[in-house]
Structures are given as C-alpha cells and as structure tokens.
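**Student:** Input: one structure, supplied below.
The values are calculated or read from the model by the stated rules, or taken from the named source; none is laboratory data. Since the model is a prediction, treat every value here as computed from it, not as a measurement. In this analysis, Cβ positions are derived from the backbone assuming ideal geometry, glycine residues included, and neighbour counts consider all displayed protein chains.
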Ligand SMILES: [Zn+2]
C-alpha cells in the first residue's frame, strides 16, 4: 500500500541525514493510517523504516509534516529533537484537536442522541465483556459503549475519560468488517482505561511504551493492523457516502 508522495518520503530522508549525516539513509516507507485520534508511529523492520501517519494529518501543511518527521526520526534515533520541530507540529495538532472536539460537541449539543451498544452486526457490550474476561481478568470497570452516530473513518474509536464513554465508529458495524478488527479497536480503547493518560512536564502521554506492549498482546494484533491498513480507502469511501461535514 503506497499512496504517499515521494515528497513526503524525501522529508523523512532529509530528517535522517540531518540527525546522522555520516550514515547512509535507510529505505523508508510512509503510509497513512486511520489511527484513533492524532497518533503516528515509526519503526524499523528488516532494516527498513516504516512510518505511519494518522489519517487526520494527511492534509497537514508541508512545514508541519517536516516538523513531525524530525520528531519521529529523532525519537527513533534517540536524538535531541529541535524545539522548532515540536513547535511547528504542535501548533497544528493542537488546533486539530480543538477542531475535533468542536465537531464532536456540535454534533451532540442540543439534541438527544439515541445510541446503543448493540449495532446491526456487533454488540459492543458483549464484546467488552469477553475482552475484559480474556485480557483483563474482569478488572476494567464497564464504561458506556456506543456506536458513533455517523460513519467516521478518520477516527475508529474514542475514549472519553471525563465521561467514561467509549465510542466506536459506525463504519465498523458491518458484515464486511471481521470481528477481530472491531475487537481490536475496542481493546485499544480499553487499554486507555487500563493505562490512564500520564502528564509529564505539561505534556500528555496516552500511548506509552507499556500501552504499546499491552496492545501487542491482542491475539490478532498483526491481522487487525493489516486489515485496517488495507481497508482505509474502502472505509473512507463508505464514510463519504454518509458524510455531511469534512471533519469525519
Ligand atoms: Zn489511543
């Protein structure tokens, strides 16, 4: 799945060169991914660098992509990340987070939202119960689980810690989506309850190393990741059919 321009790959190559001018630049693959919220990953596999950028940042201006590249590559190489990179990227991610919250409250404000954990295909309460038993020894307190009112594709799941809600994208309540994919997204949101947000020096950490380690304990981790990656376009197309505003 390569749908990313050479331009973006070049930005990452530049970042590698900047941090380590003596070393030859490794092969790099950059893809977009419908992460839950604003989230990105970089890892190395068989000498190749795999960068996954949250779908929500696809249309980010070039300087912000550059900032993000220096952050991700710096983290991977364990180098000191230039302050300018953080500034230019966080200016974008903060405004995007604000925009997301605004869209969410606009959608729910002023009308009664009738939602249910029981979708037309999958039952989230039942799914939560079996995941809780299997992975958490029933230790996770049960949140309110609902399907989103509309088919979002940029965000497949969301955990609202303040209200104890987990929302799963309606786009996943479909017979064409394997059960392990829906379970994986629910499992991810349950991990947010298990690993509450950590605040260190005014920064928020949601996906800590411990979180990522636990995420890999999901029995169909690789299959779910692969399925989501391969079905981005289809989810998007389906979502576009029911989409009113641009944000979802
Ligand atoms: Zn998350």
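**Student:** Quick check on the range 58-81: of everything there that is touching a helix residue (DSSP H, G or I) at 6+ places or on another chain (Cβ under 7 Å) and within 30 Å of residue 182 (Cβ to Cβ), which residue is farthest from the ligand (Cβ to nearest atom)?
**Tutor:** 60
**Student:** Separate question: Has the range 111-119 got at least one residue that is surrounded by 12 or more Cβ atoms within 10 Å (Cβ to Cβ), more than 22 Å from the chain's Cα centre (by Cα) and at pLDDT below 90?
**Tutor:** Yes: one or more hits.
**Student:** Right, next: Just name the residue that is surrounded by the most Cβ atoms within 10 Å (Cβ to Cβ) out of those in the range 194-217 that are in contact (Cβ under 8 Å) with a residue 12 or more places away in the chain and more than 11 Å from the ligand (Cβ to nearest atom).
**Tutor:** For the range 194-217, the residue satisfying everything is 214.
**Student:** More than 16 Å from the chain's Cα centre (by Cα) and outside any helix (DSSP H, G or I) - does that describe any residue in the range 63-77?
**Tutor:** No: zero hits.
**Student:** Let me ask you something else. Inside the range 20-34, can you point out the residues that are surrounded by 11 or more Cβ atoms within 10 Å (Cβ to Cβ), free of Cβ contacts under 8 Å to residues at least 60 places away in the same chain and more than 8 Å from residue 52 (Cα to Cα)?
**Tutor:** 20, 25, 26, 27, 28, 29
**Student:** Can I ask one more? For residue 137, work out the one condition from (1) more than 16 Å from the ligand (Cβ to nearest atom); (2) farther than 17 Å from residue 34 by Cα; (3) in contact with a helix residue (DSSP H, G or I) (Cβ under 7 Å, 6 or more places away or on another chain) it doesn't fulfil.
**Tutor:** Every listed condition holds for residue 137 apart from (3).
**Student:** How many residues, within the range 44-81, are on the phi > 0 side of the Ramachandran plot and surrounded by 15 or more Cβ atoms within 10 Å (Cβ to Cβ)?
**Tutor:** Total satisfying the criteria: 0.
**Student:** Can you name every residue in the range 189-208 that is at pLDDT 90 or above and farther than 15 Å from residue 152 by Cβ?
**Tutor:** 190, 191, 192, 193, 194, 195
**Student:** Output yes when any residue across the range 137-147 is within 21 Å of residue 216 (Cβ to Cβ) and under 20 Å from the mean Cα position of the chain (by Cα), and no when none is.
**Tutor:** no
**Student:** Hey, among 150, 133, which residue is closer than 22 Å to residue 58 by Cβ and surrounded by fewer than 22 Cβ atoms within 10 Å (Cβ to Cβ)?
**Tutor:** The conditions single out 150.
**Student:** Which of the residues belonging to the range 158-193 are within 15 Å of the ligand (Cβ to nearest atom), part of a loop (DSSP other than H, G, I, E, B) and surrounded by 15 or more Cβ atoms within 10 Å (Cβ to Cβ)?
**Tutor:** Selection gives 169 alone.
**Student:** State all residues of the range 10-55 that are over 21 Å from residue 209 (Cβ atoms), part of a strand (DSSP E or B) and either within 16 Å of the ligand (Cβ to nearest atom) or touching a helix residue (DSSP H, G or I) at 6+ places or on another chain (Cβ under 9 Å) (or both); if no residue qualifies, say none.
**Tutor:** Once the filter is applied, which keeps residues that are over 21 Å from residue 209 (Cβ atoms), part of a strand (DSSP E or B) and either within 16 Å of the ligand (Cβ to nearest atom) or touching a helix residue (DSSP H, G or I) at 6+ places or on another chain (Cβ under 9 Å) (or both), the range 10-55 yields 28, 29, 30, 31, 32.
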